[in-house]
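Some notes on the structure that comes next.
The values are calculated or read from the model by the stated rules, or taken from the named source; none is laboratory data. Note that the structure is a prediction, hence the values are computed from the model and not measured. Methodologically, a virtual Cβ is constructed for each residue, glycine included, from the backbone with ideal geometry; neighbour enumeration extends over all protein chains shown. Just the protein is used for accessible areas: all its heavy atoms, side chains included, with ligands, DNA and RNA removed. Shrake-Rupley method; radii C 1.70, N 1.55, O 1.52, S 1.80 Å.
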Amino acid sequence: MDTVLDVDALAHGLANLSMFPYFDIAHYIVSVMSLREQPGALEVSRLSPLACWFSSMLFCFGGAVLSGVMLAEPPVAPLSNGTGVLLATLIWYLVFYCPGDLLYCCTALLPLRLVLSGMKEVTRTWKVLGGVTQAHSKYKDSLLVMIAIGWARGAGGGLISNFEQLVRGVWRPETNELLKMTYPTKITLIGAVLFALQQTQYFPVQKHHLMLVYTVFLVANKSRMMLTGSSASPFAPIESVIYKTLFLGSPYAALTGGLQDSCMGHDASTSTSTSSTSTSSSKNRAAVKKRPAASSDQGKNGSLQTRDQNQDQDAGSNKKSD
Amino acid sequence: MDTVLDVDALAHGLANLSMFPYFDIAHYIVSVMSLREQPGALEVSRLSPLACWFSSMLFCFGGAVLSGVMLAEPPVAPLSNGTGVLLATLIWYLVFYCPGDLLYCCTALLPLRLVLSGMKEVTRTWKVLGGVTQAHSKYKDSLLVMIAIGWARGAGGGLISNFEQLVRGVWRPETNELLKMTYPTKITLIGAVLFALQQTQYFPVQKHHLMLVYTVFLVANKSRMMLTGSSASPFAPIESVIYKTLFLGSPYAALTGGLQDSCMGHDASTSTSTSSTSTSSSKNRAAVKKRPAASSDQGKNGSLQTRDQNQDQDAGSNKKSD
Amino acid sequence: MDTVLDVDALAHGLANLSMFPYFDIAHYIVSVMSLREQPGALEVSRLSPLACWFSSMLFCFGGAVLSGVMLAEPPVAPLSNGTGVLLATLIWYLVFYCPGDLLYCCTALLPLRLVLSGMKEVTRTWKVLGGVTQAHSKYKDSLLVMIAIGWARGAGGGLISNFEQLVRGVWRPETNELLKMTYPTKITLIGAVLFALQQTQYFPVQKHHLMLVYTVFLVANKSRMMLTGSSASPFAPIESVIYKTLFLGSPYAALTGGLQDSCMGHDASTSTSTSSTSTSSSKNRAAVKKRPAASSDQGKNGSLQTRDQNQDQDAGSNKKSD
């Protein structure tokens, strides 16, 4: 009874916590540092400080920009928040150009970085909740829109990374956050679903309790990952179960195996599908070659193989901003 | 007299036809099937069901998203139409992951596919008309805007295909629907022009009559193309005449021949234009090499050659969603 | 005293000058000509007049489209200005397809081109001012938004060039106007800053005086550059001073030199940063190799080298629309 009260008080306290300025600053520092750790980012910071600044702003305010675009609200709106932009700009300057590289050297120390990352995770809860509430005020009863906006607001930096990279002259179309979700994007999606369900009363729990639980999980798990240095998602087992249950029907085998011939033999589209395979991008052709033929079971292995490769080749972008 | 009445009654009946649910379902099925027949789509459906789902939604609701962006209305709006998204999601799941691949095997049979494609074409009339009306309500007297929005609404999936492919990790900048229009995009553009002219009274015909004629043409021509397996556009002759009349002036020859020297000799921009040619993309350099030099007549052949090559290399994408 | 009056009268006269039709026409002619001088543009004009027309419209109305997107106003709005689009379309047709290539041959003559370019520069003042005013009406006290919108309106064609090229099937992600600003983009940014400061009273000068000075500078400098054929920016010295003062701190050296080891040695992110370097785009890897190791001083040379190369490889795109 007593503990319950304490927890409730704690939840209320957290819910009334203000992100500005300390948590926002932590968010800006961690975001700009993750930009600086992108391949080639330091070259860009020499070549064109303006492009580097714009990239940093996309890392810091990407979520607001993306959710703004999705709701047809001005994407420049974040710029109108003068204080925030000034803070982010100051931090961008110190991280990239500080004499002696003092700021980066300090914040790169594990203990401090651990604290800052934890504080950044706290802001995620507020962003997701903000997105869900904003969407709720526009589309009363549309769960999907709330989830989409909450997700975009919380994980915007990652979702628009293809275009953020384009600002720096990097273009990697073969990968994006939808094809290969990183941990921050996944956990944000889950949060958006939970808060949207709570908002629409389908999930009977008080908002400040959900905020407390979600925030604690975010911070605890982030710290675990940083300390153990593992990027293993805690949902891996669940994911794999869902994946195996829902998404391993036979069409894939059908493509590779004999089933297709039997069912697509007298299909006008076969010719097209073949000719188009012949014009498929080299990446796809490679995949087709690599894929073991026939049985649904081998089909599984094939797809899982492709998955792992993808994870390997993306190892570098695991620290992508979010 | 009697037939006239019948036709008029038929036109009225058609105009009052509801697209939901049967025609919408047919649209979703055909759209998702055309996604599945894109090169590499099945690999993506294994690698990341989420990216595959998002691509499917772009195939099904691309028109609404694009016209929304063009009119600065929320691109997430289609998500707020819960029933439509649920239907499309169900069909996406059955087409890609249905055990035994039943749905795809059935719908891939020519007769059924013929019916579904016909029904999908019917929805095109409604989409184009919807776009034109929506634009008319915002920009009373602007024919161009009505045409643009009607076209975008009716052929959105094709027009945004570059970005839809990006979701699947495919990037083919060398081709897009403007550089090489496919049949669905062309016929939708013509429809948008007709309905916009009708809306602004320049084209003195009753709306429901135009809807009947346009729909009948869409369905009849689509069926012809599927049965004969030819992707030949019925407008090819007209197009070629217009093209030869309007777009074969001499600048092209000027570039290759001596005319340019005579007229650009004392032009500050020559140096630039030369140096920029030297930095032109390999594709362009190839074209330049291949092109026969000099006279306007040969210039024609040159351009038509390029055209044909383009058609060949794009054969695979003829079934692109629309 | 008398001269002061004259200047004031002149400034008033200029401020009341109407851009339509003559200055707009000059803007359209110069813009479409700069498109025609892009590598491969003439091939596209043969391959697909529609893509060529769309590209031309982006060159002519790119600023309006971009600022529209940034303020969540319909990007199709420029199409609703019938007269402007008709004029631009007529000029597009004459520049690309005019029999005998008459228009291009005439306008390519240096004296005429000089006049037209001068008139085009005049329109820039009006566009920047229009953007700043529009932003001011929406975001009263946000200097940054005014600068952003004024810049976008005045230099839109250049800022969206990556996507304008995509319409023509060209994709050059390794360069954009932020990574390597061209002269028109720079001078427009300066203008946007000045007009925004004037609008917010921070810069105590009368609007029509600022318009006069800025316009005279634009025209005079553009003429100088065209006559001398030099693309040297008049701000080069100032830029280089600012650059050397602000943006040559030690992180770059830190990356190359021993400092990094000392400060990133016990940092969880080192591994990531290393592995990601290994997956960096070839361009970046090249840069990394080329870069001389260690001291901050050599770091400078390294970065300046990269700069020059960039300038060389982009020589072709210096005439990019603006």
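Please determine, by comparing only the residues of region B:133-157 that are away from chain C (no Cβ under 12 Å) and surrounded by fewer than 23 Cβ atoms within 10 Å (Cβ to Cβ), which one is farthest from residue B:211 (Cα to Cα). Step by step, filter region B:133-157, then rank; the result is B:137. Can you name every residue in region C:134-153 that is of a type in the set (S, T, N, Q), free of Cβ contacts under 8 Å to residues at least 12 places away in the same chain and assigned to a helix (DSSP H, G or I)? Within region C:134-153, just C:137 meets the criteria. Here residue B:128 meets each of (1) crowded, with 24+ Cβ neighbours inside 10 Å; (2) out of contact with any Leu (no Cβ under 8 Å at 6 or more places or on another chain); (3) in a loop (DSSP other than H, G, I, E, B) with one exception, condition (3). Just to verify a result, which residue in region B:22-37, among those that are under 20 Å from residue B:124 (Cβ atoms) and touching a Leu at 6+ places or on another chain (Cβ under 7 Å), is nearest to the other protein chains (Cβ to nearest Cβ)? Going through the qualifying residues, I end up with B:30. Going residue by residue through region A:17-28, is there one that turns out to be in contact with a helix residue (DSSP H, G or I) (Cβ under 6 Å, 6 or more places away or on another chain), open to solvent by 20 Å² or more (accessible area, probe 1.4 Å) and not in a helix (DSSP H, G or I)? For region A:17-28, residues in contact with a helix residue (DSSP H, G or I) (Cβ under 6 Å, 6 or more places away or on another chain), open to solvent by 20 Å² or more (accessible area, probe 1.4 Å) and not in a helix (DSSP H, G or I): present. When region A:159-192 is filtered for residues that are open to solvent by 10 Å² or more (accessible area, probe 1.4 Å), assigned to a helix (DSSP H, G or I) and touching a Gly at 6+ places or on another chain (Cβ under 8 Å), the ones remaining, listed by number, are A:159, A:184. Considering region B:86-111 alone, what residues qualify as being surrounded by fewer than 21 Cβ atoms within 10 Å (Cβ to Cβ), within 7 Å of chain A (Cβ to nearest Cβ) and not in a loop (DSSP other than H, G, I, E, B)? Once the filter is applied, which keeps residues that are surrounded by fewer than 21 Cβ atoms within 10 Å (Cβ to Cβ), within 7 Å of chain A (Cβ to nearest Cβ) and not in a loop (DSSP other than H, G, I, E, B), region B:86-111 yields B:97, B:99, B:100, B:105, B:110. In the set (1) in a helix (DSSP H, G or I); (2) in contact (Cβ under 8 Å) with a residue 12 or more places away in the chain; (3) of a type outside the set (Ser, Thr, Tyr); (4) open to solvent by 30 Å² or more (accessible area, probe 1.4 Å), the condition left unmet by residue C:242 is number (2). Among the residues of region C:222-245, the ones that are of a type in the set (Lys, Arg) and modelled with pLDDT of 90 or more come to 2 in all. If you go through region B:203-231 and keep only what is open to solvent by 60 Å² or more (accessible area, probe 1.4 Å), part of a helix (DSSP H, G or I) and of a type in the set (Ser, Thr, Tyr), you end up with just B:228.
A single entry from C:7, C:32 fulfils the requirement of being open to solvent by less than 30 Å² (accessible area, probe 1.4 Å) and not acidic (Asp, Glu): C:32.
Residues of region A:38-57 that are more than 7 Å from chain C (Cβ to nearest Cβ), without any contact (Cβ under 8 Å) to a residue 60 or more places away in the chain, out of contact with any Cys (no Cβ under 7 Å at 6 or more places or on another chain) and open to solvent by less than 20 Å² (accessible area, probe 1.4 Å): A:56, A:57. Across region C:58-83, the qualifying residues are those that are within 25 Å of residue B:182 (Cα to Cα) and open to solvent by 20 Å² or more (accessible area, probe 1.4 Å), and the one among them that is nearest to the other protein chains (Cβ to nearest Cβ) is C:79.
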